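The structure appears right after this line, and notes come after that.
The values are calculated or read from the model by the stated rules, or taken from the named source; none is laboratory data. Not measured: the values here are computed from a predicted model. Heads up, the Cβs are rebuilt from the backbone with ideal geometry, glycines too, and the neighbour counts pull from every protein chain shown.
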Amino acid sequence: MLKKEVSGEAIAKSMFEMAKLEVPIICIVIGEGSSGGALAIGVGNKVFMLENAIYSILSPEGYSSILWKDPSRIKEAAEKMKLTAKDLYDLKVIDKIIKEPDDEDAFNKICKNLRKEIVSSISEMKEMSKDEIVEHRYQKFRNMGEFIKI
Amino acid sequence: MIVDKIKKRAPSAKNKPSNIDIPVGKWIKCDECGEIIYIETLNKNLNICPNCGHYFRMHINRRLEQIIDKGTFESFDLKLETSNPLNMEEYTKKLKALREKTGLEEAVECGTGKINGENVVICIMDSGFLMGSMGVVVGEKITYAIEQAIEKKFPLIIFSVSGGARMQEGIISLMQMAKTTSALTKLDKAGILYISVLTDPTYGGVTASFASLGDIILAEPKAMIGFAGQRVIEQTIGESLPEGFQTAEFLLEHGFIDKIVERKDLKNTLYKLIQYHK
Ligand SMILES: [Zn+2]
């Protein structure tokens, strides 16, 4: 019972604790990541995404029913929302797209790619002090979203 | 009957959540008891129905008048506009119309002010501006306010009212939750007091970020507070939920908030809490 009504607080607390961790954090979106549940475990120094994964504010179904009061506009929502790995890379929400080759050996290749990126990110952050790691993550999220000065 | 005519014309409080500043009419109808109230009277009564005690949602300026000592509020005046990351055409037009209609720059106003002489950094949200939703401008203004509280060593007070993250800005709105939350870790480390005040309604990404992270969390009576709406949860889990499970009273009982404070007592309660913390 309690979990249901305070899931909002759980998300907030999870992000809060993640933001303070003094070790490098690498987050990888491997399937469908959406809303606060995804972000609750998404406050990383590096955020990767598999090429065909999606990451969004809400499911396209939820999005079209909330924004347009019309759940049938799912396809349009999915296009407008910018939820693909390429979109999110362009929006600077993620740092790297992990290629997903379309062949028999895909799984092994993806794992190999991932391993390579994880290792190189770790070695990149290895020399950083605890404070630098926390500050690196802070600056990443501090600069999320562009705005115009009027 | 004149009253009947007024009843027909009076905008319902639901349609006009907080824009009591706007001269759409001099009267407003209480959603709770149906009483027709002169807006002047309502404003003088802290936007509380004199008949049944129902709390109307407050315009930022009314809230400032109530909480901050007269003449002491100084807005950070950031003058920001969203970059419209999803290139939604209608959205830009909507924002422009809302700015003109409400006289507000965005769904939150932030600045410094005094509460019975005590310096604070204060942020106040407004449900009349796209349901107080958080996009990049709201996220940036709140984050900036948190950073100012750290720099000036002033306690931080945020009055939340929000439908959650702003759909029109997609994932960028979601990221504002992480941005504001990260800033609060610095405030926490600096040992600065943060009091979060939840007002009706506080939902979604705002509940799931800064609104839930106060050192002290206060709420107005009967405020509805949650992450997802009751209907959405019921549909998702396939169970019905007890009545009133998202009210401030229920959440107080379950330890999520620290105190329910009547609107008339809010200023003094905030003052006392700041005093204790000194
Ligand atoms: Zn009433």
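For the structure I just gave you, tell me whether B:MET134 is at pLDDT below 95 and aliphatic (A, V, I, L, M).
Numbers: at pLDDT below 95: no; aliphatic (A, V, I, L, M): yes.
No; evaluated as a whole, the condition is false for this residue.
Can you confirm whether A:ILE97 is more than 8 Å from chain B (Cβ to nearest Cβ) and out of contact with any Ser or Thr (no Cβ under 8 Å at 6 or more places or on another chain)?
Against the criterion (more than 8 Å from chain B (Cβ to nearest Cβ) and out of contact with any Ser or Thr (no Cβ under 8 Å at 6 or more places or on another chain)), A:ILE97 qualifies.
What are the residues in the stretch A:98-150 that are of a type in the set (A, V, I, L, M) and more than 17 Å from the chain's Cα centre (by Cα), if any?
A:ALA106, A:ILE110, A:VAL119, A:ILE122, A:MET125, A:MET128, A:ILE133, A:VAL134, A:ILE148, A:ILE150
Limited to the stretch A:130-150, what total is found for residues that are in contact with a helix residue (DSSP H, G or I) (Cβ under 9 Å, 6 or more places away or on another chain), at the interface with chain B (Cβ under 7 Å from one of its Cβ atoms) and among the basic types (Lys, Arg)?
Selection size over the stretch A:130-150: 1.
For the stretch B:152-161, does any single residue satisfy the condition of being touching a helix residue (DSSP H, G or I) at 6+ places or on another chain (Cβ under 7 Å), in a helix (DSSP H, G or I) and either under 25 Å from B:GLU90 (Cβ atoms) or β-branched (Val, Ile, Thr) (or both)?
No, the stretch B:152-161 has no match at all.
For the stretch A:26-70, which strands (runs of 3 or more DSSP E) that fit wholly inside it have 2 or more residues that are in contact with a strand residue (DSSP E or B) (Cβ under 8 Å, 6 or more places away or on another chain), more than 24 Å from A:LEU114 (Cα to Cα) and away from chain B (no Cβ under 13 Å)?
none
Residues that are within 15 Å of the ligand (Cβ to nearest atom) and away from chain A (no Cβ under 14 Å): list the helices (runs of 4 or more DSSP H) wholly contained in the stretch B:28-111 that include at least 3 such residues. Explain how you work it out, then say what you get.
Details: elements: B:39-44, B:60-67, B:89-102.
The qualifying helices (runs of 4 or more DSSP H) are B:39-44.
Sort through B:ASN47, B:ASN84, B:ASN43 and tell me the only one that's among the polar types (S, T, N, Q) and at pLDDT below 95.
B:ASN43
Go through (1) within 11 Å of chain A (Cβ to nearest Cβ); (2) surrounded by fewer than 23 Cβ atoms within 10 Å (Cβ to Cβ); (3) in contact (Cβ under 8 Å) with a residue 40 or more places away in the chain for B:VAL137 and report which single condition fails.
(2)
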